[in-house]
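Throughout, read-outs are computed from the coordinates displayed, never taken from laboratory work. Please read all numbers here as calculations on a predicted model, not as lab measurements. Backbone-built Cβ (ideal geometry, glycine too); neighbour counts: all protein chains shown.
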């Protein structure tokens, strides 16, 4: 990878006060500068509105209405250092993506601002409370020295990126140079006038700027400022609870792409059996499939064989896959709009469940179905959880593992069954795999299920290899079945119904992919 540092010689002469960098130096001669500005042909630059831009006006109106008189600041975030001078691939903050409609890697350093309108203005008479403005870096194209000088934005380094004009077309939001952000945020700020709220954890440079403006304009109280920012975090989560038709469509795309990735893993499975780090072979197959289709992984892929499957978030994927145990895979594709699926399947590595494995697997599948049936408009996540837990507790009692009665275990004072399922069974899903996580309790766990909500149902049983309270045949087994659900006016819909999960369906799926592997 080529050098990305900025502080080299100027015009061939070393600044005596500067430390000389050890990597390749950019040329700085005047002749080179002039030469680099000439001889470039016309670009093919066909920029069109994003499909999401039809949905963002409503989202922006809802956010503005929640904060009358406040200037709202939502940064995209910045690149994060992986090591030394190498960065991780950029992914924008999910709230920024939601309100701008921008996905993929657009746009490090950008900031969305909602400016409050004058209550006596013509805009206010239409019901508007705010006007949006998107602050972005101008293009560092071949007409600028930054084209080759800026490793962060220069198109010689990072390729063509949209600038102000392009972003305005893509998003439908007016744009401005990010260099003018401080002046824009400072305008009319003061007691009795405009106040600021910022998503404070996304971009420390922007947050520091907001804090300085607050202090300089009569808002020095850090507790009051933090409370205002927390309220913004909560609202940006809560507004994403109910998905619009565009979002549901993107989730369907993500789920279909995830099915493709599972196909790829099952095709690779026969060749991974018995290999060192065979779990990682399957992880690589899934991630490669996502990238080849223009997508990415929505979270760290979990490939867990045997006792590893009893670890909820096993992401080391360093284990060998045997041919007689169970293999748990939890994976989801994030499509280029940044919506992600979240699917878990548990497979018999041999291709066929033993009778004992069938019994355990069917209990988990029955628990998931009970949770699905409990998920109805007007009910809560607790109803889903309780329905799943009853099925699991009854099975544990029937197997002689539960040391108390089913009812005692299910009581708040008991909960002994949770030793083998200590987590929840459902969470919201969308731009984040654990979507809307900053919402207030009464808007999430305590809220009524409503049409437009998308969530997972994912019960499991997890028996650690060293668990002396279960019979030996249970030890070293983890089973989870996870699917994605859309709540409709008529009840829940399995979004991931096309991904097999019944015992017969899983075995047939594995046989189909094993046959495909032999023809490759």
Given Cα pairs under 8 Å that are at least 6 residues apart, what percent is the relative contact order of the chain?
12 percent
Go through [x] 1.13; [y] 0.93; [z] 1.46 and flag the label whose value is the computed Cα Rg over 2.2 N^0.38 Å for this structure.
[x]
Can you tell me, using C-alpha contacts under 8 Å and at least 6 residues apart, the relative contact order of the range 435-520 as a whole percent?
24 percent
With everything on Cα atoms, drop me the angle between helix 381-398 and the longest principal axis of the chain, reported from 0 to 90° to the nearest 10.
30 degrees
For the range 250-318 and the range 83-103, write down the distance between their C-alpha centroids in whole Å.
23 Å
For the range 440-461 and the range 186-205, distance of Cα centres in Å:
32 Å
As I understand it, the value is the acute angle between the Cα axis of helix 222-238 and the longest principal axis of the Cα atoms of the chain; what does it come to in degrees, rounded to 10?
60 degrees
With Cα coordinates, the longest principal axis of the chain makes an angle with the long axis of helix 278-292, in degrees rounded to 10, of 50 degrees
Spatial separation of Cα centroids for the range 130-150 and the range 477-510, in angstrom
45 Å
Which of 243, 165 has the fewest other C-beta atoms within 10 Å, and how do the rest follow up to the most?
165, 243
Under the definition of Cα pairs under 8 Å and six or more residues apart, what whole-number percent is the relative contact order of the range 49-240?
23 percent
